[in-house]
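Everything on this sheet refers to the single structure shown next.
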Amino acid sequence: MGVTCVSQMPVAEGKSVQQTVEILTRKLEMLGAEKQGTFSVDCETYHTAASTLGSQGQAGKLMYVMHNSEYPLSCFALFENGPCLIADTNFDVLMVKLKGFFQSAKASKIETRGTRYQYCDFLVKVGTVTMGPSARGISVEVEYCPCVVASDCWSLLLEFLQSFLGSHTPGAPAVFGNRHDAVYGPADTMVQYMELFNKIRKQQQVPVAGIR
Amino acid sequence: MQKGVCGGGRAGLALPGLENPELAEGGRDSESRGCTGVSCAYPIGRSVFISVVFHLITVVMEAPPVTMMPVTGGAINMMEYLLQGSVLDHSLESLIHRLRGLCDNMEPETFLDHEMVFLLKGQQASPFVLRARRSMDRAGSPWHLRYLGQPEMGDKNRHALVRNCVDIATSENLTDFLMEMGFRMDHEFVAKGHLFRKGIMKIVVYKIFRILVPGNTDSTEALSLSYLVELSVVAPAGQDMVSDDMRNFAEQLKPLVHLEKIDPKRLM
C-alpha cells in the first residue's frame, strides 16, 4: 500500500457530524474525485484477564484487534508501542478460544465507516467514527498509492491535504517518526487508526446530536 | 502480508504439524524395545489398545463436543482428524515409494520446518498451548500459528483422533507478538521430511530434530532412529465419514506402517 495519513476532522461549528462529512465529500467531488464504494475500519479492545495478571505481576496490557475493509482477509492485532501482527481472519476465532485469558471490553468497540474516493493517484476515505449508536467524530484517510517511502512523498501529501482540509490539515503522523526511509506498510496505517480511535475515545461526547 | 491475500504456504494446505513431540519420545522408546523388520508400530499398537481401554473407563462426560456444534458465533469449527504411526530409518524408502504410488501425482515435496510451542499460564490448571511454525527452506512463506483442542472423546468407534483446530497464517513478528501477549516458549524442534497428498488427506513422513542451543537451528540432533508418519485431514466439524476414508487409506499402507489413533494423554 502507498504512504497513508490518517487524521481527524473536527466537526464544523454549529453543524452535526453528518453535515460536516457532507461538506467534506462535496469538496472532494468538486475537486474531481470519483466515489468508489465504501470502507470500514473497526477496532476491538482486549485486556489481560485478572487471572493471568497475578502470575506475571505486570500491569494489564491492552491489545487491539482491528479489521480494515481494504484487506478483507486480514486481521491486525497490536499493542500500543508494541508489535503489530498481521494475521488472517481465523485470528478472531482464536480470540474466542482465548476468552479465558483475554477479556473483550465489549462497550469499547469503535469503528469508522464511510465512502471511498479516488482522485488520480490518491485514495481518500472519509468516515464517521462511531462507538455503539453514537457518532463521535470524523476520520479522514489519504493514501498516495505510487509511493511507499514516507520521506519521498510527505510534502506532496501535505499539499493535497491542504487543498481540501484547509486549516485542519494535520502534521506528519508519528508512525513516520524516525524511520523516514523505511517502507510503509498496512500495519502503519492500523497504528494510526488505533491512535485516532484512542484520541476520540478520550474526547468528550460530541455535543451535537449523533446520526439518527 | 499481501493486500487482501492470505498466503497458504504449501498449496493451500495447513503446514505439516507435529502435535505432540512427547509422542516422539514414546515412539523412540517403543523402537528401542527390540523392534526389528519392516513393520514397526506394533509395539505402540498393542500398548495403545490397553491404555485406551483404561482411559475410556475413566473419562468424564462434559459439555457437548465441538463436533456437535459445527458453527459457533459465525465461524465454522474445523476439526483435525489424525492417525499416526512410525517407520524405522531403513524402511523409509519403501514407504516413500508406496506413498508416491498411492497418492496424488505431484512433484515430490520435502520440507524443513522450525516449530516453537508457546504456553500461556493462567489460573486454570492447564496452560493454553499455541504452536508457531516457520519454514526454513521456503523464504517468504508466512508463519503458521496453530491451536489444537483436547481430543474429542465422543465415539469410541471413530477410527481417527479428532480435535478442534484453528490454523492462522501470520506475519513474521509472531514470536515477539506472542511474548507481548504473555506466552512463553516451552520447547522447540526442527521437522524435516516429505509431504504427500491424496484428495483432502495429507500424509507427512518426517524426522524430528532436537535443537541443542536454544534459538540456533543449525545445531540439531535427531531425536530417534525413526520417521514419524501422520495422516491427517482438516474438515468442518460433524463430518465423521472422513475417518472411514482415512482408515481405508491406512489399510493400504500396511504392513509397511501401521497408522493408528494414538491418544496424546496416554503419554503424559
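Summary of computed values
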item: Segment B:193-242 and segment B:84-161: distance between their alpha carbon centers, rounded to Å; result: 4
item: Built amide H within the under 5 Å cut-off of residue B:150, gap 5+; result: B:164
item: Gyration tensor (alpha-carbon) shape descriptor, segment A:71-212, a/c threshold 1.5; result: oblate
item: Anisotropy class of segment B:195-245 from Cα gyration tensor, a/c 1.5 cut; result: prolate
item: Column: log10 I(q)/I(0), Debye, Cα scatterers of segment A:86-141, q = 0.16, 0.26, 0.31 Å⁻¹; result: -0.73, -0.96, -1.08
item: Within 10 Å of each Cβ in A:114-123, the average number of Cβ atoms from other chains; result: 0
item: Average beta-carbon neighbours from other chains, 10 Å sphere, peptide B:125-137; result: 1
item: Residue-span extension gain [residue B:126 to residue B:98] - 0.36 nm each, minus C-alpha spacing; result: 6.0 nm
item: For residue B:223, solvent-accessible area (1.4 Å; no DNA, RNA or ligand), Å²; result: 20
item: For segment B:256-263, Karplus couplings with θ = phi - 60° (6.51, -1.76, 1.60), whole Hz, Gly/Pro x; result: 4, 8, 9, 8, 9, 7, 10, 7
item: Note, ³J(HN,Hα) from phi for segment B:162-167, Karplus 6.51, -1.76, 1.60, rounded to Hz, x at Gly and Pro; result: 10, 8, 5, 9, 10, 10
item: Computed lengthening from residue B:105 to residue B:210, 0.36 nm per intervening residue step minus Cα-Cα distance; result: 34.6 nm
item: At least 15 Å along the helix axis (C-alpha) and Kyte average at least 0.5, DSSP helices within chain A; result: A:150-165
item: Per-residue HN-Hα couplings for segment A:72-80 [Karplus 6.51, -1.76, 1.60; θ = phi - 60°; Hz; x = Gly/Pro]; result: x, 9, 10, 9, 10, 10, 9, 10, 5
item: Calculated FRET value between residue A:162 and residue A:13, using beta carbons and R₀ = 25 Å, to 0.05; result: 0.80
item: Over segment A:1-129, volume per residue of the alpha carbon convex hull, in Å³; result: 140
item: √(5λ) per eigenvalue of the Cα gyration tensor, segment B:112-158, largest first, Å; result: 28, 18, 7
item: For B:168-181, mean number of other protein chain Cβ atoms within 10 Å; result: 6
item: Segment A:76-105 versus segment A:138-193: alpha-carbon centroid distance in Å; result: 26
item: Residues in segment A:16-43 reached by a label modelled at residue A:113 [backbone nitrogen below 12 Å; 7 Å Cα→Cβ]; result: A:38-42
item: Segment B:169-259 shape via C-alpha gyration tensor axes, a/c threshold 1.5; result: oblate
item: Stokes-Einstein D for segment A:128-181, Kirkwood Rh over Cα pairs, 20 °C, 1.002 mPa s (µm²/s); result: 166
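The values are calculated or read from the model by the stated rules, or taken from the named source; none is laboratory data. Given the structure is predicted, the values throughout are model-derived calculations rather than measurements. Virtual Cβ from ideal backbone geometry, glycine too; neighbours counted across all protein chains shown. Note: areas computed on protein heavy atoms with side chains; ligands, DNA, RNA excluded. Shrake-Rupley method; radii C 1.70, N 1.55, O 1.52, S 1.80 Å.
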